[in-house]
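Colleague: Structure provided below as structure tokens; questions to follow.
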Amino acid sequence: MTDSTNDDNVENNEEPQVEGDATNASQPEDLIEAEGPDVEVPTDGPAAGGPESDLSPEDEALLADAARGIEEDKLSPDERDLVAEMRADMLRAQAELVNFRKRVERDREANREVAIAEVVRALLPALDDLTRAEAHGDLTEGPMQVIGQKIRGGFEKFKLVQIGEKGESFDPNIHEAIVQLPTPGATGQTVADVVEPGYKLGERVIRAAKVAVAVPA
């Protein structure tokens, strides 16, 4: 009886030990080192879903199409028809937007050419006076020569080209015949003389050249 009681007292006085207690592993040699190499967990980049990717835009588009195909496989026939219709509407809207932008750019360029042509057309009488003064030798020297060069240089920036040359074939698209001269030996209609030069802005004729035309006698 006495021995049994003493054993119980000894067991009750013993404190239970808790695994992982810091007091039981206070010494460095008591720590157990984990086996295996350290593994670094990426925090960015393609593996972690970062913005960088080794895939080309074409591969990403294929993956996106495949993902949409997987999702569409879960749709009912009616839902698939609706998706196809919406996709067709989207493509049609994109095509219309592209065509609209092209029309806007084309109209903008055409309006710009019309505006430049109107300004140049209004200045053509002054350019005619400059041409006559040059023909009379008034622009051979002095300040007027420099002024004439600057005026012509300004017109050339807008691709203004003088048309109508003596001896060239008559073309009703760029020539305006104000008189016909029956000429012996002439085999066709040619420009015998230029009364007033014409001008072309780019591919647009803003004034036809007034010419005298030599015709067969």
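Colleague: Scan V205, V213 and give me the residue that is of a type outside the set (K, R), closer than 30 Å to A110 by Cβ and surrounded by 12 or more Cβ atoms within 10 Å (Cβ to Cβ).
Modeller: Result: V205 is the single residue among V205, V213 that is of a type outside the set (K, R), closer than 30 Å to A110 by Cβ and surrounded by 12 or more Cβ atoms within 10 Å (Cβ to Cβ).
Colleague: Yes or no: the stretch 152-168 includes at least one residue that is touching a Lys or Arg at 6+ places or on another chain (Cβ under 9 Å) and at pLDDT below 90.
Modeller: yes
Colleague: Taking the stretch 128-138 on its own, how many of its residues are open to solvent by less than 80 Å² (accessible area, probe 1.4 Å), closer than 21 Å to I163 by Cβ and without any contact (Cβ under 8 Å) to a residue 40 or more places away in the chain?
Modeller: Qualifying residue count for the region: 2.
Colleague: Please determine whether any residue of the stretch 96-113 is within 25 Å of R204 (Cα to Cα) and open to solvent by less than 60 Å² (accessible area, probe 1.4 Å).
Modeller: Yes: one or more hits.
Colleague: Which ones in the stretch 175-217 are among the charged types (D, E, K, R) and in contact with a Phe, Trp or Tyr (Cβ under 6 Å, 6 or more places away or on another chain)?
Modeller: Selection gives R207 alone.
The values are calculated or read from the model by the stated rules, or taken from the named source; none is laboratory data. Only a predicted model underlies this, so the values are computations on that prediction, with no experimental measurement involved. Using ideal geometry, Cβ is built from the backbone for each residue, glycine included, and neighbour counts are taken over all protein chains shown. With ligands, DNA and RNA removed, areas are computed over all heavy atoms of the protein, side chains included. Shrake-Rupley method; radii C 1.70, N 1.55, O 1.52, S 1.80 Å.
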